Amino acid sequence: MKNIVIGSGPAGRLASLQLGKLGEDVKLIEKNHIAGTCLNEGCMVICALTDVTKFIETNNRFNSYGFIKSQLDISYDKIVEKIIETQKILRKINQEENENVGNDIIYGEAKLEGNEVKVNGESLEYEKLLIATGARPFIPNIKGSKYVLTNKDILKLDKIPEKLNIYGGGILAAEVANIYSSLGSEVNIITRSKFLKEIENETKEYILKHIMPDITLYENTTIIEAFKNKVLIDSDKEIEGIPFFATGRRPNSEIVDGFVELNPNKSIKVNEMMQTSVENVYAAGDVTGNYQLTPVARMEGIVAARNMADYPNKISYNCIPQSISLNMDVSFVENEKNNCSDNEKASIAIPGIAGSGAFWKILTGDTGHTKIEFDKKKNKINKINSISPSSASDIAYISYLMRKDYDLDDYSDFLEVHPSTDANYKIIKNMWL
């Protein structure tokens, strides 16, 4: 076999698809379900639940305005049932997509022995190998860790928790807090440092005030012990609620430990062509320890596949757009290559503007918030933090222009689709140019 790919998450699945389209022979090996964490335990589950909470938030808003009178009866077990039903449909589509380009998919646990991969009692030789085994939730070594839930357990819950203690201060912690707070849980976020360090402080404050006002936040706080329905924090205070940990992820690199070089955190070390220390072995996705984002995993998988098929290309991580899926989406991007001095920077921030998804928020003044930082000398955008119903698509588009190194003047010909709810275009076209 010319190419073997181990792991069918976003990186492995897209790499296999790319190799198949390039006419390469491929065996794709998957231990559990095709499409990996994203579809089965991660982003798609979060997005599905957030679709429900956005509806709940809109329903509550319209009730408060008095022109709709309705009372929701939420069935969490039915939500879970329909998510699982949808996952099965998507798995079938993802499998057919790979099979349609001639790829062979094998379900089983792969083991690596030199130039052979063993799976289901069969030994397979390869010319090129891609490791795309992803990552798993990391749980700190604390007393009572057996009681801790992670994102892997969301679809195992049989009801909405009355109280929930979320340990972690990153994007996943915020998304899970938003979901269960909207569903009626009493939610605490406990974080060892600061909450949402990835974004501007003004954006974080807006989230806490307007999007998740019912959350209780404990910053610079450590959980000492977990129990079934409470946690003990470092101030010797007990906080009631089921412990849910969003404390990072650990790469599933054990399959190549001792075979290829690993980074200190046990992720697989790769170069800009996604090549490991072994010439014919590549790695992509969360197992490499880079941005743990589905679009980045896809990009890495495609880069690896092209190099495996002898179409040389390199990865670039500049201006990676990110988002937080809340009842109003939060998106952000930064040009990490820009190193301008403070006196060369200028920032403009304005509230969100009216448009689809935002019109009925004007009455309460929570239409969103956008802040853009510019490099005055180079006439470039440095970074954007945006909260709006359309922020995810808006920031994705603008991050592309940032990667292509467009000047601010180049935005003057841009024509947005009406109604846009994002303030980016207003700032760039009307306040700066």
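The values are calculated or read from the model by the stated rules, or taken from the named source; none is laboratory data. Keep in mind it's a predicted model, so treat the numbers as computed, not measured. Please note: Cβ atoms are built from the backbone with ideal geometry, for glycine as well, and neighbour counts cover all protein chains shown. In case anyone asks, the SASA skips ligands and DNA or RNA and just uses the protein heavy atoms, side chains included. Shrake-Rupley method; radii C 1.70, N 1.55, O 1.52, S 1.80 Å.
Before moving on, here are some points about what is shown:
- Result for the chain in a Gaussian network model with C-alpha springs under 10 Å: among 237, 383, 266, the largest mean-square fluctuation is at 237.
- Considering only 100, 227, 277, the residue lying farthest towards the positive end of the dipole of the chain is 227, judged by Cα position with unit charges set on Cβ.
- Rh (Kirkwood; distinct C-alpha pairs) - the stretch 303-364, Å: 16.3 Å
- Gaussian network model of the chain, springs between alpha carbon atoms under 10 Å - residue of 224, 384, 171 with greatest fluctuation: 224
- Rg over Rh [alpha-carbon atoms, Kirkwood Rh] for the stretch 89-200: 1.11
- Using equal-weight Cα scatterers in the Debye expression, the normalised intensity of the stretch 374-422 in log10 at q = 0.17, 0.23, 0.26 Å⁻¹ is -0.54, -0.95, -1.13.
- The stretch 317-331-the stretch 257-309 distance, computed between alpha-carbon centres (Å): 23 Å
- Computed E for residue 224/residue 157 - FRET, C-beta separation, R0 22 angstrom, nearest 0.05: 0.35
- Ranking by accessible area, most exposed first, for 28, 14, 363 with a 1.4 Å probe: 363, 14, 28
- Accessible area per residue in Å² at 1.4 Å probe, computed on the chain: 48 Å²
- For the chain, a Gaussian network of Cα nodes joined below 10 Å ranks 144, 114, 170 by mean-square fluctuation, and the top entry is 114.
- With the convex hull drawn over the C-alpha atoms of the stretch 170-220, the volume per residue is 63 Å³.
- Counting only Cα atoms, the size of the stretch 140-246 along its three principal axes is 36, 30, 22 Å, in decreasing order.
- For the chain, share of DSSP beta bridges that run antiparallel, in % to the nearest 5: 55 percent
- Accessible heavy-atom area order of 91, 250, highest first, probe of 1.4 Å: 250, 91
- Isotropically averaged projected area of the chain, using the convex hull of Cα atoms (one quarter of hull area), nm²: 23.2 nm²
- Placing 306, 249 in order of accessible area, with the largest value first and a 1.4 Å probe, yields 306, 249.
- Inter-part distance where the stretch 180-200 and the stretch 133-165 are each reduced to a Cα centre, Å: 15 Å
- Cross-link table 204/266; 143/237; 383/404; 146/230; 27/128; 69/361, entries beyond 21 Å C-alpha to C-alpha: 204/266
- Of the residues 140, 115, 55, the one whose Cα sits farthest toward the positive end of the charge dipole of the chain, with +1 on the Cβ of Lys and Arg and -1 on the Cβ of Asp and Glu, is 55.
- Each eigenvalue of the Cα gyration tensor of the stretch 42-133, multiplied by 5 and square-rooted, gives one semi-axis; in descending order these are 46, 13, 12 Å.
- Simple spin-label estimate for residue 405 and residue 346 gives 2.3 nm between the two label positions (7 Å along the Cα-to-Cβ direction from each Cα).
- Distance between the stretch 385-422 and the stretch 55-127 - C-alpha centres, whole angstrom: 30 Å
- Estimated purely from DSSP H runs of n ≥ 4, each contributing -39500 (n - 2.57), the mean residue ellipticity at 222 nm for the chain is -8000 deg cm²/dmol once divided by its residues.
- Per the Debye calculation on the stretch 321-431 with a single equal scatterer at every Cα and no solvent contribution, log₁₀ I(q)/I(0) for q = 0.10 Å⁻¹ amounts to -0.27.
- Rolling a 1.4 angstrom probe over the stretch 321-431 with all protein chains present gives an accessible area of which 49% lies on carbon and sulfur atoms.
- Dipole magnitude for the chain: about 500 debye, using +1 per Lys or Arg Cβ and -1 per Asp or Glu Cβ, origin at the Cα centre.
- Solvent-accessible surface (1.4 angstrom probe) belonging to residue 175, in square angstrom, nearest 10: 20 Å²
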